[in-house]
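Have a look at the structure below, then the notes.
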Amino acid sequence: MTAQLIDGKGIAGAKRLAMKATVEKLKSEGMVPGLAVILVGENPASQSYVKGKIRDCKEVGIYSELVRFPESVSEAELLDEIRKLNEKDSIHGILVQLPLPKQISERKVIQTISPAKDVDGFHPISLGKMMTGQDSFVPCTPAGIIEMLQAVNVQIAGKHVVIVGRSNIVGKPASLLFLNHNATVTICHSKTTPLAQYTKQADVLVVAVGHAGLISAEDIKPGAVVIDVGMNRNAAGRLVGDVEFEEAKEKASFITPVPGGVGPMTRVMLLENTLKAARNFFMEREPHAK
Ligand SMILES: Nc1nc2c(c(=O)[nH]1)N[C@@H](CN(C=O)c1ccc(C(=O)N[C@@H](CCC(=O)O)C(=O)O)cc1)CN2
């Protein structure tokens, strides 16, 4: 069997196109969605992701502000900027690009962002709401994974979803989200042995570790859906996932490529969360507006 490719790039492109029309309509009613992106330091990958986010905003018509700080910025200065953005009415979503330099507490930064503007969905209030099945901002990568499965009509309810990786950004929120979609969820991590015993039981296997080639074809159940969140550079400098793609695609029913799979979906879900934050803001200000 050769798996069907889940084209995250294509799905995200179609979503951006639809969003453009939604944003135009909002703007025609006087509601301009706004996103602030904070970038600390010169990490080339972070610079490139942030550039992509600003470009995406331009494409769909969302107002965006890029706030840059040097690597040496103090925690106090960064938190002050976030507090200012929390108060700014033209900004409905705030994203601080991760990772941050060592002198800055990621936890404090995330907790300083107003929950109403938490478009990354990393604030404990957003995660607590998700935990209790309430409407919330869902972290972009897990949200993008669910969207891409729905786009190719993969049923989630009743499926055994095995997630490899327990990060706060992907693994943990993805497990909650799949649970909220009525999947049976197993979470594996660096201390899970033998890992293959669990991955082989997955109807849907999500791998988010950051370890090139961690999962090979023999670790996958025939016909499984394989979602590769990994982004690693191989010896030749090429971007590869955590899954041995060429062999895995001969065993899976659906598989995501790297690049072009989960990454573009992560970006588009940020736009979606920003629109949600903007709608909430304008509805609160004018509850009778459409
Ligand atoms: N505040 C946040 N920081 C980080 C997040 C996040 O969701 N919020 N996630 C990652 C980085 N990330 C978004 O910020 C991200 C990474 C990669 C892509 C992407 O589109 N990748 C492309 C390939 C890009 C390349 O060639 O290098 C792909 O997979 O096709 C989007 C978003 C950590 N930080």
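Annotations
- Among residues of the stretch 256-286 being in a helix (DSSP H, G or I) and modelled with pLDDT under 95, the one that is least open to solvent (accessible area, probe 1.4 Å) is 283.
- Residue within the stretch 106-117 that is within 17 Å of the chain's Cα centre (by Cα) and either among the basic types (Lys, Arg) or at pLDDT below 95 (or both) present: yes
- For the stretch 90-111, the criterion of a residue being touching a strand residue (DSSP E or B) at 6+ places or on another chain (Cβ under 7 Å), open to solvent by 40 Å² or more (accessible area, probe 1.4 Å) and away from the ligand (no atom under 13 Å from the Cβ) is satisfied by at least one position.
- Number of positions in the stretch 235-255 that are in a loop (DSSP other than H, G, I, E, B) and either among the charged types (D, E, K, R) or open to solvent by less than 60 Å² (accessible area, probe 1.4 Å) (or both): 10
- On inspection, residue 74 does not qualify as of a type in the set (Ser, Thr, Tyr), open to solvent by less than 80 Å² (accessible area, probe 1.4 Å) and under 26 Å from residue 282 (Cβ atoms).
- Selection from the stretch 228-246 of residues that are within 12 Å of the ligand (Cβ to nearest atom), of a type outside the set (D, E, K, R) and at pLDDT 95 or above: 229, 230, 231, 232, 239, 240, 241
- Among the residues listed as 3, 76, the single one being away from the ligand (no atom under 12 Å from the Cβ), of a type in the set (Gly, Ala, Ser), over 14 Å from residue 278 (Cα atoms) and free of Cβ contacts under 8 Å to residues at least 12 places away in the same chain: 76
- Selection of the stretch 112-137 for residues being open to solvent by 40 Å² or more (accessible area, probe 1.4 Å) and in contact (Cβ under 8 Å) with a residue 24 or more places away in the chain yields 116, 127, 131, 133.
- Residue match in the stretch 26-36 (condition: part of a helix (DSSP H, G or I) and within 16 Å of the ligand (Cβ to nearest atom)): no
- Residue match in the stretch 156-165 (condition: open to solvent by 60 Å² or more (accessible area, probe 1.4 Å), free of Cβ contacts under 8 Å to residues at least 40 places away in the same chain and within 17 Å of the chain's Cα centre (by Cα)): no
- Check on residue 249, more than 12 Å from the ligand (Cβ to nearest atom) and in contact with a strand residue (DSSP E or B) (Cβ under 6 Å, 6 or more places away or on another chain): yes
- Selection count where residues are more than 24 Å from the chain's Cα centre (by Cα) and touching a residue at least 40 places away in the same chain (Cβ under 8 Å), scope the stretch 178-223: 3
- When residue 198 is tested against the conditions (1) in a loop (DSSP other than H, G, I, E, B); (2) surrounded by 19 or more Cβ atoms within 10 Å (Cβ to Cβ), the lone failure is (1).
- A Cβ distance below 7 Å, combined with a sequence gap of six or more or placement on separate chains, defines the contacts here; from the stretch 35-62, residues that are in the same structural domain as residue 85 (by TED's automatic domain parsing) and open to solvent by less than 50 Å² (accessible area, probe 1.4 Å) reach residues that are of a type in the set (Lys, Arg) and assigned to a strand (DSSP E or B) in the pairs 39/68.
- Residue 169 vs. criteria touching a residue at least 12 places away in the same chain (Cβ under 8 Å), more than 14 Å from residue 272 (Cα to Cα), of a type in the set (A, V, I, L, M) and within 12 Å of the ligand (Cβ to nearest atom): yes
The values are calculated or read from the model by the stated rules, or taken from the named source; none is laboratory data. Keep in mind that what you see is a predicted model, and the values were worked out from it rather than measured. As a convention, Cβ positions derive from the backbone with ideal geometry for all residues, glycine included, and neighbour counts pool all protein chains shown. Ligands, DNA and RNA are excluded from the accessible area calculation, which covers all protein heavy atoms including side chains. Shrake-Rupley method; radii C 1.70, N 1.55, O 1.52, S 1.80 Å.
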